[in-house]
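Colleague: Can you keep this structure in mind? I'll have questions shortly.
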Amino acid sequence: MNETVKQLILDKIKAYDKIVISRHIRPDGDAIGSTHGFAALLRASFPEKDIRLVSEDSSTYLAFLGPDDETPDDSFYDGALVIVIDCGTKDRISNKKIDLGRELIKIDHHIDDKPYGDISWVEEERSSACEMIVDFYVSFRSELVMTKEAALPLYAGMVTDSGRFRFPSVTGETLRLAGVLLDVGIDTETLFAHLNLEDYEQFKYAAYVYENMERTENGVAYLFVTLDMQKRFGLDRETASNTIGYLDSIKNYLIWLAFIDNGDGSIRVRLRSRFITVQELATRYHGGGHDKAAGATVYSWEEADALIREADEMLGEYKRTHEGWL
Ligand code: AMP
């Protein structure tokens, strides 16, 4: 089945002269890596085609992977193929012009509860969309050209979306496909320096997070990233959102949440977990995502409290009925 869809996608790519590639809003390493990687793969494989990576927002933290392309005139979409990678739902696509294209292809690894696209290739169990792009390359190795320019962003996306190859979604196939990229040649020392190093000021913020985070009875760790805090520590939207990463390694705290005040009456919620699933909880609060990495939005601190209570109850029930969690 997937082989047929992949063949169909390759046939479409061959049939079009103009291709627009896009991803989800507020892009992470996988969204940036898969789109940059796929654009580079297609450019090297089909140099005669006009391929544009078009997105309305970017990421300062991942700027080392290079810029997107200039937004083309609307006329560029006439007779163009649009490929959206790593975006589960149409409303989260970071390009409002996609319907101007002739056909739309979805390539994704999120839970597919709101399908879209004329052709859709979704593999929910994949650790990243980048992994799917490398799989696509391997399926058509004799027709596609993998370059270092493509391999670096794809590897960066695989590394970040799999928690450095730690998450349960990582399979033997994930590592075999990552190996294909390493064989092409990647400066991993520089890559991991970009991904891991933080300015000294960030460590002061981390200290504040650990001093001020809150914990529920059953083991939910959470933090409100208020506008005051964002101002005090000079956090932009992205660094404020990255707060979630500080809460991920506390023993017995199986669910961790960060509430980031957007300043417009809405609060972004980032939900993460190990052993237990938080995707359904996110869905109940205008969100979705993966089983153990999901996002949601609440519109008051009271609603945030209700979400925390639900998470705590879920976790209490989980701990009573399961063994072996840490
Ligand atoms: P985040 O914490 O924003 O990185 O989200 C974690 C995962 O959930 C990502 O794969 C997002 O694409 C997905 N996600 C975040 N917010 C939503 C939403 N409102 N609806 C559907 N999926 C979401």
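Colleague: Name the residues in the range 271-326 that are surrounded by fewer than 19 Cβ atoms within 10 Å (Cβ to Cβ), within 9 Å of the ligand (Cβ to nearest atom) and of a type outside the set (S, T, N, Q), would you?
Modeller: The one that is surrounded by fewer than 19 Cβ atoms within 10 Å (Cβ to Cβ), within 9 Å of the ligand (Cβ to nearest atom) and of a type outside the set (S, T, N, Q): HIS286.
Colleague: Moving on. What are the residue pairs meeting all of these: first residue in the range 23-48, first residue assigned by TED's automatic domain parsing to the domain that holds THR239, second residue at pLDDT 95 or above and hydrophobic (A, V, I, L, M, F, W, C), Cβ atoms under 6 Å, and 6 or more apart or on different chains?
Modeller: none
Colleague: More than 17 Å from the chain's Cα centre (by Cα) and over 23 Å from VAL5 (Cα atoms), is that true of THR71?
Modeller: yes
Colleague: On the basis of being within 20 Å of the chain's Cα centre (by Cα) and of a type in the set (Lys, Arg), does ARG176 make the cut?
Modeller: Considered against the rule, which asks whether it is within 20 Å of the chain's Cα centre (by Cα) and of a type in the set (Lys, Arg), ARG176 comes out as no.
Colleague: Now, a different point. Could you name every one of the helices (runs of 4 or more DSSP H) located completely within the range 198-310 that has at least 3 residues being modelled with pLDDT of 95 or more and closer than 26 Å to THR89 by Cβ?
Modeller: Fully inside the range 198-310 and qualifying: 279-283.
Yes/no matrix, rows are residues, columns are (1) under 30 Å from GLU198 (Cα atoms); (2) out of contact with any strand residue (DSSP E or B) (no Cβ under 9 Å at 6 or more places or on another chain):
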position: ILE32; (1), (2): yes, yes
position: ALA39; (1), (2): yes, no
position: ILE51; (1), (2): no, no
position: PHE64; (1), (2): yes, yes
position: SER75; (1), (2): no, yes
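Colleague: Looking only at the range 127-168, which residues are without any contact (Cβ under 8 Å) to a residue 60 or more places away in the chain and open to solvent by 30 Å² or more (accessible area, probe 1.4 Å)?
Modeller: Those that are without any contact (Cβ under 8 Å) to a residue 60 or more places away in the chain and open to solvent by 30 Å² or more (accessible area, probe 1.4 Å): VAL138, ARG141, SER142, LYS148, ARG164, PHE165, ARG166.
Colleague: Go through (1) open to solvent by 10 Å² or more (accessible area, probe 1.4 Å); (2) within 16 Å of the ligand (Cβ to nearest atom); (3) closer than 24 Å to HIS286 by Cα for SER94 and report which single condition fails.
Modeller: All conditions pass for SER94, except number (1).
Colleague: Scan (1) within 16 Å of the ligand (Cβ to nearest atom); (2) in contact with a Ser or Thr (Cβ under 9 Å, 6 or more places away or on another chain) for the single condition LYS6 breaks and write down its number.
Modeller: For LYS6, the exception is condition (1).
Colleague: Going by the conditions given, is ILE13 open to solvent by less than 20 Å² (accessible area, probe 1.4 Å), within 22 Å of SER128 (Cα to Cα), touching a helix residue (DSSP H, G or I) at 6+ places or on another chain (Cβ under 7 Å) and not in a loop (DSSP other than H, G, I, E, B)?
Modeller: When the stated conditions are applied, ILE13 passes them.
Colleague: What pairs can you find where one residue is in the range 170-199 and surrounded by 15 or more Cβ atoms within 10 Å (Cβ to Cβ), the other is part of a helix (DSSP H, G or I) and among the charged types (D, E, K, R), and their Cβ atoms are less than 7 Å apart, with a gap of 6+ or different chains?
Modeller: Cβ pairs passing all conditions: THR174/GLU131; LEU177/GLU131; LEU177/ASP135; VAL184/LYS148.
Colleague: Could you count how many residues in the range 212-234 are hydrophobic (A, V, I, L, M, F, W, C) and within 16 Å of the ligand (Cβ to nearest atom)?
Modeller: The total comes to 5.
The values are calculated or read from the model by the stated rules, or taken from the named source; none is laboratory data. From a predicted model like this one, the values you see are computed outputs, not experimental measurements. Neighbour counts run over all protein chains shown; Cβ positions are idealised from the backbone, glycine included. Heavy atoms of the whole protein, side chains included, go into the accessibility calculation; ligands, DNA and RNA do not. Shrake-Rupley method; radii C 1.70, N 1.55, O 1.52, S 1.80 Å.
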